[in-house]
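Trainee: Quick one: this structure, given as structure tokens, is what I'll be asking you about.
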Amino acid sequence: MAGHHHDHIHAGDPHAPVAEHGPSPEYLLLERAVRELLVAKGVFAADDMRRQIDLTDSRNPAMGAKLVARAWTDPAFRKKLLAEPKAAAGEMGIDVSNTPELIVLENTPTRHHLVVCTLCSCYPKAILGIPPAWYKSAAYRARAVKDPRGVLAEFGTALPPEIELRVVDSTADLRYLVLPRRPAGTDGLDEAALAALVTRDSMIGVSHPLSPA
Amino acid sequence: MTANRHKLAMHDLGGVAPFADRPIDRREHALSHFDKSVDALMYLLSHPSRRLIRVDELRRAIESLPAAKYHGLSYYEKWLQAMHDLLVEKGVLGKDEIAARLAALRAAGAKP
């Protein structure tokens, strides 16, 4: 959304927009102090931090796209993904240990799903990586449950009025992943080509997968 | 609705004005090293081998921040503030110990 003005943050104003500034020097220093003290106490090693950052960097929506493309091409896998999402993700080499419960919601010709976390930012991080800033924003959290069709329109997503729109609110203990509908005109495509059509936003439900070129 | 709004907790934003009337800023933000470090810290502290901070505890600490901090700090600044508060509350780190380390870093002219 080029052209958006950047609101200034007024501390103390509960109606101020969610902060989007970089970390303040004070918090940069606090992170360092806390990390160094924890390492000094042997809570974890400095190496553990580096490894964890690498792991986080390696988690991205391409992992979710692989699940979706497999579900589109393999009916048995689709069934498993819907029935036992974590087991299905594990089968595809995604590490879902230490992650909360996961539910996969299948979009159909008559029903579309939209995922939000009104209370915070809960998201299937193990499968999609860290959520985008807008997902964590006060505006998205507040609007998704009140004006979901307006939100879809803002994302440029057309949803015919006859299609039911179901909004699901995530919690710390339960995360949702949308299984979008396979786009028309993709009959000849292999799994990798299909996965390339599956966007992060289509697995949150704010948009549809891409159409084949 | 207006009457109900006053009963809602600070973080309970579903349908709440004025946020519900605002456009969504859809710009993508690359995560900074700070963001990734704080995320990694929480992962390590919550790992089953340590269980020093659970995700629900992090939520509770974030949700009980003063409103100015809840709405004024960035996402990962809030996480760090909450983790700091929890580590002190649980006695994993002492408040004085953290203050001393911060003072030493400042005295040494440390860049974060």
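Just so it is clear, none of the values below were taken in a lab; they were calculated from the coordinates. From a predicted model like this one, the values you see are computed outputs, not experimental measurements. Cβ sites come from the backbone with ideal geometry, for glycine too, and all protein chains shown count toward neighbours.
Trainee: So what is the diffusion coefficient of the stretch A:60-204 in µm² per second by Stokes-Einstein at 37 °C and 0.692 mPa s, using a Kirkwood Rh over Cα pairs?
Mentor: Numbers: Rh = 15.5 Å.
Answer, rounded: 211 µm²/s.
Trainee: For each of A:58, B:46, count neighbouring Cβ atoms within 10 Å of the residue's Cβ, then give the residues from fewest to most. Working shown, then result.
Mentor: Values: A:58 11, B:46 18.
Ranking A:58, B:46 by Cβ neighbours within 10 Å, fewest first, gives A:58, B:46.
Trainee: So what does the Cα-only Debye profile of chain B read at q = 0.12 Å⁻¹, as log10 I(q)/I(0), no solvent term?
Mentor: Once normalised to I(0) and log-transformed, intensities are -0.58.
Trainee: Okay, moving on. Let me see the P(r) profile for the stretch A:19-94: every Cα-Cα distance counted, bins of 5 Å, each bin given as a percent of all pairs.
Mentor: Per 5 Å bin, starting at zero, the Cα-Cα P(r) for the stretch A:19-94 comes out as 3, 13, 14, 13, 12, 9, 10, 12, 8, 5, 1 percent.
Trainee: For chain B, with only Lys/Arg (+1) and Asp/Glu (-1) charged at the beta-carbon, what is the dipole magnitude about the Cα centre, in debye rounded to 20? Walk me through the numbers before you get to the answer.
Mentor: Details: 18 positive and 14 negative charges, 17 e Å.
Roughly 80 debye, rounded to the nearest 20.
Trainee: For a quick check of your reading of the filter: which trypsin sites (Lys or Arg not before Pro) in the stretch B:14-112 sit in a DSSP loop and have no more than 15 other Cβ atoms within 10 Å? Could you put the intermediate results ahead of the total?
Mentor: Numbers: sites: B:26, B:27, B:36, B:50, B:51, B:54, B:59, B:60, B:69, B:78, B:90, B:95, B:101, B:106; in loops: B:26, B:27, B:50, B:51, B:54, B:90.
Taking the stretch B:14-112 and a limit of 15 other Cβ atoms within 10 Å, the loop trypsin sites (Lys or Arg not before Pro) found are B:27, B:50, B:51, B:54, B:90.
Trainee: Please get the size of the charge dipole for chain A, origin at its Cα centre, with Cβ charges of +1 on Lys and Arg and -1 on Asp and Glu, quoted in debye to the nearest 20.
Mentor: On the way: 24 positive and 26 negative charges, 66 e Å.
Charge dipole, chain A, about its Cα centre: 320 debye, nearest 20.
Trainee: All other residues with a Cβ under 14 Å from the Cβ of residue A:129 taken together, and with Lys, Arg as +1 and Asp, Glu as -1, what is their net charge? Spell out each step's value before the answer.
Mentor: Details: positive: A:59, A:66, A:125, A:136, A:175, A:200, B:36; negative: A:54, A:57, A:95, A:201, B:28, B:35, B:39.
My count for the surroundings of residue A:129 gives 0.
Trainee: Looking at chain A, send over the antiparallel percent of its DSSP beta bridges, to the nearest 5.
Mentor: On the way: 2 of 14 bridges.
Bridges in chain A that DSSP calls antiparallel: roughly 15 percent.
Trainee: Measure off 7 Å from each Cα along the Cα-to-Cβ vector at residue A:211 and residue A:164, then give the distance between these two points in nanometres to one decimal.
Mentor: 2.8 nm
Trainee: Under 5 Å between amide hydrogens, which residues at least 5 positions from residue A:166 or on another chain qualify, with H placed 1.01 Å from N in the peptide plane?
Mentor: Those qualifying (amide H under 5 Å, at least 5 residues apart or on another chain) are A:112, A:113, A:114.
Trainee: Just counting partner chain Cβ atoms within 10 Å, what average do the residues of peptide B:46-54 show around their Cβ?
Mentor: On the way: counts 1, 4, 2, 2, 3, 0, 3, 0, 1.
Whole-number average of other-chain Cβ neighbours for B:46-54 is 2.
Trainee: Now, a different point. Can you tell me the 0 to 90 degree angle between the C-alpha axis of helix A:46-58 and the longest principal axis of chain A, rounded to 10?
Mentor: The angle comes out at about 30 degrees.
Trainee: Once you order the gyration tensor axes a ≥ b ≥ c over the Cα atoms, which shape class does the stretch B:17-68 get: rounded for a/c under 1.5, otherwise prolate or oblate by comparing a/b with b/c? Present the calculation step by step, with values, prior to reporting the outcome.
Mentor: Working: a/c = 2.98, a/b = 1.53, b/c = 1.95.
In terms of gyration-tensor shape, oblate.
Trainee: Next up: Could you compute the FRET efficiency for residue A:98 and residue B:106, with r as their C-beta to C-beta distance and R0 at 45 Å, rounded to 0.05? Please list the in-between numbers first.
Mentor: On the way: r = 36 Å, r/R0 = 0.80.
With R0 = 45 Å, the Cβ-Cβ based efficiency is 0.80.
Trainee: Sticking with this one: Cut-off is 10 Å between beta-carbons; in what order do A:163, B:98 appear when sorted fewest neighbours first? List each step's numbers first, then the result.
Mentor: Details: A:163 14, B:98 17.
Least to most surrounded, the residues fall as A:163, B:98.
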